[in-house]
Structure formats: C-alpha cells, structure tokens
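So the structure is just underneath, and the comments pick up after that.
The values are calculated or read from the model by the stated rules, or taken from the named source; none is laboratory data. Not measured: the values here are computed from a predicted model. Counting neighbours? That spans all protein chains shown, and the Cβs are built from the backbone with ideal geometry, glycine included. Accessible surface is based on the protein model in full, side chains and every heavy atom, while ligands, DNA and RNA are left aside. Shrake-Rupley method; radii C 1.70, N 1.55, O 1.52, S 1.80 Å.
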Amino acid sequence: MTGPRLRPRATEIQFGEHLTRLGNLVRSILTSGPAIAWVTVFLLVPLLGIVLFSVLTRGPYGEVALPFTIENYLRLAGFGLFGFDPQYPVIILRSLLLAAGTTLVCVLAAFPLAFFIAGLPGRAKQIALTLVVIPFWTNLLIRTYAWQILFAPDAALTQAAVGLGLAEEGMPLYPSTLAVYVGMLCAYLPFLVLPLYTSVEKIDWTLAEAASDLGADGPRVFRHAILPQVMPGMVAGMILVFIPATGQFVIPDLLGGAKTVMLGNSIQQQFGASRDWPFGSAIALVAMGVVLIGLWLQTRYASQGDEEGPL
Amino acid sequence: MTETAGERPATRRALADAPPAIEIESISRRFGDFTALDRISLSIRKGEFFALLGPSGCGKTTLLRIIGGLDLADEGVVRIGGADARTIPAHKRPVNTVFQSYALFPHMTVRDNVAFGLRMKRVPEPRVKDRVAGALDLVQIASFADRKPAQLSGGQKQRVALARALVNEPQVLLLDEPLGALDLKLRKELQVELLSLQRRLGITFVFVTHDQEEALVMSDRIAVMRAGRIEQMGEVHSLYERPRNRFVGQFLGSVNLLEGKVERRAPNEFLAATALGPLRAELRPGDPEPGGAVTLAIRPEKVRIVTDGGPGENRIPAQVEQVIYIGSESHYYARAGEQLFIVYAMNARATTRELQVGERVALELPAGSLIVLED
C-alpha cells in the first residue's frame with residue numbers, strides 16, 4: 001500500500017540531500033575561504049620562503065644565492081668549517097632549558113595564585129584578575145629595566161635580601177640566574193594563570209569530596225580529583241609560556257649579563273649584523289621544529305595522564 | 001504494627017536489639033545566621049534502612065554530610081560503630097557516600113571509578129580486580145566496565161556510584177537523594193532493587209530524600225525533618241498512622257483536619273465538639289483534657305462514604321464536589337459545611353458504582369482512625 005507512495009518521496013529526499021551537500025560545499029568555501037587565503041598569504045608563503053632560504057647559500061654581499069646546500073643545518077648541528085663546535089647545540093639547549101625552567105616556575109607560582117583568585121568573592125575576583133593582567137600594559141623592556149633598578153645594590157629589595165641573609169652585602173642581585181627567572185616569571189606568569197584560573201573556576205568540588213569519602217587523603221585528592229580537572233587549563237597555559245619563552249632573549253640579556261646568546265638573538269644576529277639569511281632561516285626552522293616536538297610531547301604526556309592506571 | 005502480616009515487621013523487631021551503627025547527640029550546625037541543624041539527636045540501628053525525610057533546606061543533607069565527615073558540626077557528638085567520629089577525617093571513616101550528582105570521576109572508566117576506594121586503601125591489585133568485578137556484578141553493570149561516565153545513562157551512573165561505594169564494604173552507606181535525578185519508572189525499579197540489595201548485604205543504609213513515597217517504600221524507620229529539627233521519628237507504620245503534628249501528617253501522605261474542643265472524657269475515648277457536630281475519638285495517653293482545644297486528623301482512605309443510612313455516630317452529611325477516577329481507586333472531594341474532605345476509595349469490584357458530582361452522602365469518620373495532633 002504505502003510502497004508506491006514512499007518511493008518518489010525517497011528520491012525527493014535523496015535529491016534534497018544532494019542539494020544540501022552542494023550547499024554545504026559552497027557555504028564552506030565561502031566561509032572558510034578568507035581564512036585559508038589569510039593563512040596562505042601570511043603564514044604558508046613566508047614559511048616556504050624561509051624553508052627555501054635555509055637550503056641556499058649566503059652570497060658575497062650577504063644576499064641569498066645558489067647553490068642549494070645543507071651546510072647551514074650541518075653548521076647548526078655543530079659540524080662547521082673547522083670541525084665540531086658545540087656552539088649552536090648549546091644555544092638551542094640553553095634556550096630550551098630556560099623555557100622549560102620558566103614553565104616550571106610559572107606552574108609552581110600559578111597554582112596557588114589561580115586557586116586563591118578562584119576562592120575570592122565576586123568583586124575581589126575581578127580586581128585580582130585585572131591585577132594579573134596589568135603588567136601587560138607596560139612594555140616588556142621597561143618592565144625588565146625596572147627589575148634592574150629593583151635588584152640594584154642599594155635598592156630596598158636587595159637590602160631586604162641582605163637583611164635576611166639571602167644575599168651578600170654590596171653585591172647586586174643582578175646579573176644572576178635568579179634575576180633572569182624573576183624577570184621571566186614576571187613576563188610569562190599571566191599566560192599560565194589565566195587559562196589555569198578558568199579551569200580552577202570550573203572545578204566540580206563534589207569530586208574532591210567523593211575522593212575523600214573513598215579514602216583519599218589531601219595530596220591524593222589533589223592528584224586524582226583536582227589535577228585531572230585543571231589539566232586542560234594547565235597544559236594550555238604551559239604551551240602559552242613555553243613557546244614564546246624559547247625565543248626570549250631580552251630578559252636573559254638584561255638581567256643575566258649581556259653574554260648569553262639565545263636562540264632568539266642568534267636568529268636576530270644572522271638576519272641583522274651577520275647578514276646571513278640562509279643560516280638565520282635554518283636556526284629559525286630548527287627552533288620551530290624543537291618547539292613543535294616539545295608541544296607534541298607535552299600534549300601526549302597530558303593525555304596519558306588522563307588514563308588512570310593502578311594508583 | 002501487628003495487623004500488617006509479612007516479613008518486614010519481623011525484621012524490624014530483630015533490628016531493635018542490634019547495637020547502634022550511628023549515634024548522634026545534640027548536633028548543631030550553623031552557616032552564618034542560618035541554623036541548618038538545631039540540636040539533633042538520633043540513633044540508627046545496625047542493618048537498618050533509615051530515611052531522613054524532609055523538604056529542601058530542612059538540614060537532612062547537612063546531617064548526612066556530618067556523618068560522612070564532609071562537614072563538621074559546630075556542637076554535638078557523632079559516633080560511628082560506638083567510636084567518637086569527630087576526630088576521624090572523612091577519608092578514614094568506615095562510611096561511604098552515594099552522592100546526589102553521583103560525582104563519578106569523569107576521566108576514569110567505570111572499572112577504575114569502582115576500584116578507586118580499594119586502591120586508596122592499598123588493597124593488592126589482584127584482590128582489587130576480584131572485588132571490583134563482584135561489585136559490578138552486584139549492580140549489573142559489568143558490561144559497561146570499560147566505559148567512561150559520560151557514556152552512561154542516568155540509571156547506569158547511579159549503579160556505578162552505588163558499586164563504587166559498596167565495594168569498600170562500609171559499615172554504613174550514606175545515600176543523598178540517589179534516585180532524585182531519575183525518571184519515575186526507573187526510580188520505582190531502583191527503589192525495589194536498592195531495598196533488596198540492602199537486605200541481602202545487611203549494611204546500614206542512611207537515605208536522604210524529600211520524596212515521602214520513596215521513604216515509605218524503602219525505610220525501616222524515618223526521621224521527618226523540618227527547619228533543622230526532627231519533627232518525628234519512628235517506624236514507617238507508626239509514623240503514617242500516628243503523625244504527631246500537622247507537618248508530619250501532611251508531609252507523609254494527606255490528612256483531613258478538624259478543629260474542635262474536648263467535651264467529655266471516658267476512660268478509653270473522648271467526645272469532641274467540632275463545627276460539623278460531635279465526634280467520638282479514641283483516647284490515648286497524652287491526649288487533651290476536657291475543655292481543651294483539639295486538632296483531629298483523619299487519612300483520606302480511612303474516611304468511609306455512606307450513601308444509604310441516615311445520620312449516625314461520627315457521620316457528617318456532605319456533598320460530592322469532584323470525582324477523580326484513577327483506576328485502582330477513586331479520589332473524592334466532598335464538602336461538609338466549610339470543609340472540603342478528601343476521600344480515597346478502592347475500586348474493589350468492577351461493579352462498584354461511582355459517585356456523581358453533586359450527590360449527597362454521609363462521611364463516616366471511624367473513632368479509631370481519628371488522630372489527635374499536637375498543633
């Protein structure tokens with residue numbers, strides 16, 4: 001009975017489906033087109049340019065010239081004209097170490113801060129969040145110079161440190177590794193606090209109660225009921241700190257003494273004073289690759305932490 | 001008590017001799033100006049299914065949290081299995097909770113959720129495996145063991161929450177409105193299941209609910225709470241048949257109320273003058289003296305509708321105003337003077353004649369079914 005009536009309707013539906021599919025295609029081209037164009041022009045083309053430069057040679061006048069070569073990468077790996085020289089591997093390692101150290105310090109500082117802010121009453125919370133963001137309103141250079149002043153031998157901060165026996169009389173607190181990390185922390189903490197705070201704010205505290213009810217003491221409640229909930233915010237924040245920190249050189253320069261060469265300023269040097277664009281491109285690409293590998297490891301580790309094995 | 005045959009009253013009598021699983025002495029809890037619990041005392045017997053029943057905000061959940069150690073009382077003593085629990089932190093108490101929101105760990109599978117408590121107690125892993133499997137079987141969710149909570153339905157989550165608590169073999173299981181988020185049909189199924197589970201395991205269950213029917217179906221004893229105090233506590237039957245005051249009477253079922261004055265007292269009964277005429281009621285210890293005001297209550301199903309016979313003792317002439325037919329029974333609203341009575345009548349025979357709206361009848365209020373309320 002219903003067969004003959006159903007059949008045309010089925011084709012109608014099919015035809016309609018084709019139409020919607022075509023519509024979807026047109027719509028997706030129209031809507032994503034500008035974004036794709038933007039990415040192509042401003043990201044892919046320059047990136048391909050850098051890739052191309054990195055396998056070319058520096059000409060006699062600092063121009064980019066043929067022939068193709070992988071010498072830039074060899075030099076970066078330490079195999080230069082005069083045998084093995086670990087200069088660049090050390091620079092890469094130093095930058096990664098600083099970025100990792102900064103990320104760690106920021107995580108340690110951001111956790112108490114994020115929980116503290118999340119626990120504040122409504123109005124105070126807004127003020128606290130604003131205070132976290134306020135340093136961004138000042139230029140990074142100025143903020144870093146400010147630390148030089150604060151760490152000067154006769155500054156109140158140094159005097160206080162001397163008074164507490166943390167520093168020697170007459171010795172400035174900078175240049176030093178401590179000063180570098182204080183500067184880094186100051187510059188990157190907000191990038192970690194804000195996403196972490198967003199996660200902390202959303203914590204379902206009954207899970208903590210459930211863990212406690214099931215026999216978990218304080219640290220294990222944190223490990224099993226709180227940490228998994230703030231993991232997304234923490235990982236996002238760590239990425240936001242780690243990536244720019246690998247390229248940072250102003251802060252180690254100003255607070256760590258002017259002798260430290262980092263990834264950032266070696267790239268700057270090649271594109272600037274040395275006029276060796278091919279080598280600069282190679283450093284930039286390797287730096288990018290290192291960051292991408294770091295990110296991949298980080299997200300992989302984070303998603304593994306999600307799976308609960310035997311506790 | 002004695003007129004209900006069956007196993008439950010017998011079970012209750014056996015429980016009466018058991019030592020208390022939980023003793024609460026004069027517990028108070030305040031949140032700022034709000035008094036959540038006001039000098040509550042109660043004792044829960046071992047192996048008992050005990051319900052804390054009351055409207056939202058009456059303090060029942062706070063009391064449960066204090067027993068579980070998730071909240072602390074400002075004053076008073078909590079004893080679990082005879083030991084003072086005030087100094088025992090939540091994670092060391094021999095009780096487990098089934099939370100209203102289930103509070104399952106979203107990043108763990110069902111199996112790991114259930115294993116959590118045992119792992120926290122450092123039970124060896126092979127043993128954990130066995131006990132988890134046993135608990136999953138007990139609540140019939142073994143086939144979902146490798147799913148994450150987000151992939152489960154409400155009823156399945158409820159079972160996981162139950163298994164996660166029961167696997168620890170607690171002395172007392174605390175349940176905070178565990179069926180509140182489920183639909184009616186599933187709720188009724190799980191009520192029966194929960195009850196039979198409790199009977200089988202013999203674990204003391206303390207159950208928080210605002211659903212009077214749920215409390216009646218499952219509990220051995222009920223504490224009816226209001227505004228941080230216990231209004232009445234007792235076995236289900238006595239609580240329903242002998243509510244102490246209006247609140248308990250109205251919260252646990254429905255009642256028809258009559259105001260009156262005690263006129264005469266005999267050794268076993270008294271006569272009360274009401275707006276609807278004199279009513280004879282049975283006298284029980286504590287009932288008022290002659291001349292005193294009295295509130296009488298009667299359950300809708302205890303009222304008998306008489307269509308023939310004329311006036312008689314405890315009979316009130318009335319007129320049917322509304323008839324609600326619900327299959328097994330009919331609910332009638334009948335007006336007598338100023339008062340609207342609710343009457344439930346079983347439709348015991350297919351030929352039972354249904355009363356018509358506007359029909360004149362007499363309502364008979366049997367003396368033995370009239371309850372004297374305190375307020």
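Couple of notes before you dig in:
- Considering the conditions (1) among the polar types (S, T, N, Q); (2) assigned to a helix (DSSP H, G or I); (3) closer than 30 Å to A:LEU76 by Cβ; (4) open to solvent by 40 Å² or more (accessible area, probe 1.4 Å), A:ASN265 is excluded by exactly one of them, (4).
- Whichever residue in segment A:228-245 is more than 14 Å from chain B (Cβ to nearest Cβ) and over 17 Å from A:ALA118 (Cβ atoms) and, among such residues, is most open to solvent (accessible area, probe 1.4 Å): A:LEU240
- Hey, A:GLN87 at pLDDT below 90, over 23 Å from the mean Cα position of the chain (by Cα) and either open to solvent by 80 Å² or more (accessible area, probe 1.4 Å) or among the hydroxyl-bearing types (Ser, Thr, Tyr) (or both) or not: yes
- The criterion of at least 1 residues that are aliphatic (A, V, I, L, M) and without any contact (Cβ under 8 Å) to a residue 24 or more places away in the chain is met, among strands (runs of 3 or more DSSP E) falling completely within segment B:217-305, by B:269-274.
- The residues of segment B:147-174 that are in contact (Cβ under 8 Å) with a residue 24 or more places away in the chain, away from chain A (no Cβ under 12 Å), over 26 Å from the mean Cα position of the chain (by Cα) and in a loop (DSSP other than H, G, I, E, B), listed by number, are B:ARG147, B:LEU152.
- The residues of segment A:57-68 that are more than 19 Å from A:ILE267 (Cβ to Cβ) and part of a loop (DSSP other than H, G, I, E, B), listed by number, are A:GLY59, A:PRO60, A:TYR61, A:LEU66, A:PRO67, A:PHE68.
- Residue check for A:THR102: open to solvent by less than 60 Å² (accessible area, probe 1.4 Å) and part of a helix (DSSP H, G or I): yes
Quick grid of which residues meet (1) of a type in the set (A, V, I, L, M); (2) at pLDDT below 85; (3) crowded, with 18+ Cβ neighbours inside 10 Å:
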site: B:SER238; (1), (2), (3): no, no, no
site: B:PHE247; (1), (2), (3): no, no, yes
site: B:LYS261; (1), (2), (3): no, no, no
site: B:ARG265; (1), (2), (3): no, yes, no
site: B:PRO285; (1), (2), (3): no, yes, no
site: B:THR307; (1), (2), (3): no, yes, no
site: B:GLY312; (1), (2), (3): no, yes, no
site: B:ILE316; (1), (2), (3): yes, no, yes
site: B:GLU329; (1), (2), (3): no, no, no
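- Residue within segment A:162-171 that is within 14 Å of another protein chain (Cβ to nearest Cβ) and either open to solvent by 50 Å² or more (accessible area, probe 1.4 Å) or in a helix (DSSP H, G or I) (or both) present: no
- Some residue of segment B:120-127 being charged (D, E, K, R), closer than 15 Å to A:SER212 by Cβ and either facing chain A (nearest Cβ under 8 Å) or surrounded by 15 or more Cβ atoms within 10 Å (Cβ to Cβ) (or both): yes
- Conditions (1) surrounded by fewer than 21 Cβ atoms within 10 Å (Cβ to Cβ); (2) more than 14 Å from chain B (Cβ to nearest Cβ); (3) in contact with a helix residue (DSSP H, G or I) (Cβ under 6 Å, 6 or more places away or on another chain); number of the one not met by A:PHE191: (1)
- Checked against (1) surrounded by fewer than 18 Cβ atoms within 10 Å (Cβ to Cβ); (2) at pLDDT 90 or above; (3) more than 30 Å from B:ARG131 (Cα to Cα), B:ALA36 passes all but condition (1).
- Conditions (1) assigned to a helix (DSSP H, G or I); (2) of a type outside the set (Lys, Arg); (3) in contact (Cβ under 8 Å) with a residue 60 or more places away in the chain; number of the one not met by A:ALA211: (3)
- Just one of (1) part of a loop (DSSP other than H, G, I, E, B); (2) surrounded by fewer than 16 Cβ atoms within 10 Å (Cβ to Cβ) fails for B:LEU355. It is (2).
- Among the residues listed as A:ALA225, A:ALA216, the single one being within 14 Å of chain B (Cβ to nearest Cβ), outside any helix (DSSP H, G or I), closer than 30 Å to B:PHE105 by Cα and open to solvent by less than 10 Å² (accessible area, probe 1.4 Å): A:ALA216
- Residue count for segment A:214-230, restricted to those that are touching a helix residue (DSSP H, G or I) at 6+ places or on another chain (Cβ under 6 Å) and not β-branched (Val, Ile, Thr): 6.
- Condition check for B:ALA36: part of a loop (DSSP other than H, G, I, E, B) and touching a Lys or Arg at 6+ places or on another chain (Cβ under 6 Å): no
- Residue list for segment B:335-375, restricted to those being touching a residue at least 40 places away in the same chain (Cβ under 8 Å) and among the basic types (Lys, Arg): B:ARG360
- Odd one out for A:LEU178, checked against (1) outside any loop (DSSP other than H, G, I, E, B); (2) aliphatic (A, V, I, L, M); (3) surrounded by 17 or more Cβ atoms within 10 Å (Cβ to Cβ); (4) more than 13 Å from every other protein chain (Cβ to nearest Cβ): (3)
- Test: residue in segment A:248-257 that is surrounded by fewer than 18 Cβ atoms within 10 Å (Cβ to Cβ), out of contact with any Ser or Thr (no Cβ under 7 Å at 6 or more places or on another chain) and either of a type in the set (Lys, Arg) or not in a loop (DSSP other than H, G, I, E, B) (or both): no
- Matching residues in segment B:63-97 - criterion: being more than 9 Å from chain A (Cβ to nearest Cβ), touching a residue at least 60 places away in the same chain (Cβ under 8 Å) and touching an Asp or Glu at 6+ places or on another chain (Cβ under 7 Å): B:LEU64
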